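A short write-up of the structure that comes next.
The values are calculated or read from the model by the stated rules, or taken from the named source; none is laboratory data. Since the model is a prediction, treat every value here as computed from it, not as a measurement. Note: ideal-geometry Cβ built from the backbone for every residue, glycine included; neighbour counts use all protein chains shown.
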Amino acid sequence: MKTWSFLGIIGALALSGAGLLLPQPSEACCPARAEAAPAKEAAAGIKTATLSVEGMTCASCTVTVRMSLKKLDGVKEATVKLDERRAIVQYDPAKLTPQQMADAVTKAGYKATVVPEQKGS
């Protein structure tokens, strides 16, 4: 029987807490979740913004970007994807703007720009 070392378990827990080990549900695998999400967001006044983030090179970078977003008042959730160089942020538009989020990420040391919303998608 294969056993995990203590450090291996701690490392796995740290990565899963950062959202790096567990895949996020997508529309392809969870269509019911995808359909329910917009209704829930609209009811709560929550919007989603996408930021392009340059300069991330490792998992630690994604954690730094995520934490710089999560500490902003009005950010409900932030998911950072290293391979796509993007951050997807659920936020309250009454409290902040996507540009303010991009500014916070830039202040953390990365170049962030707001990706314009695509109409009709």
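For region 49-77, taking the residues that are among the charged types (D, E, K, R) and not in a strand (DSSP E or B), the one that is surrounded by the most Cβ atoms within 10 Å (Cβ to Cβ) is identified as Arg66. Would region 102-112 turn up any residue that is at pLDDT below 95 and charged (D, E, K, R)? Taking every residue of region 102-112 in turn, none turns out to be at pLDDT below 95 and charged (D, E, K, R). Of all residues in region 69-121, which are among the small types (Gly, Ala, Ser), closer than 23 Å to Gly45 by Cβ and more than 11 Å from the chain's Cα centre (by Cα)? Of everything in region 69-121, those that are among the small types (Gly, Ala, Ser), closer than 23 Å to Gly45 by Cβ and more than 11 Å from the chain's Cα centre (by Cα) turn out to be Gly74, Ala94, Ala102, Ala104, Gly120, Ser121.
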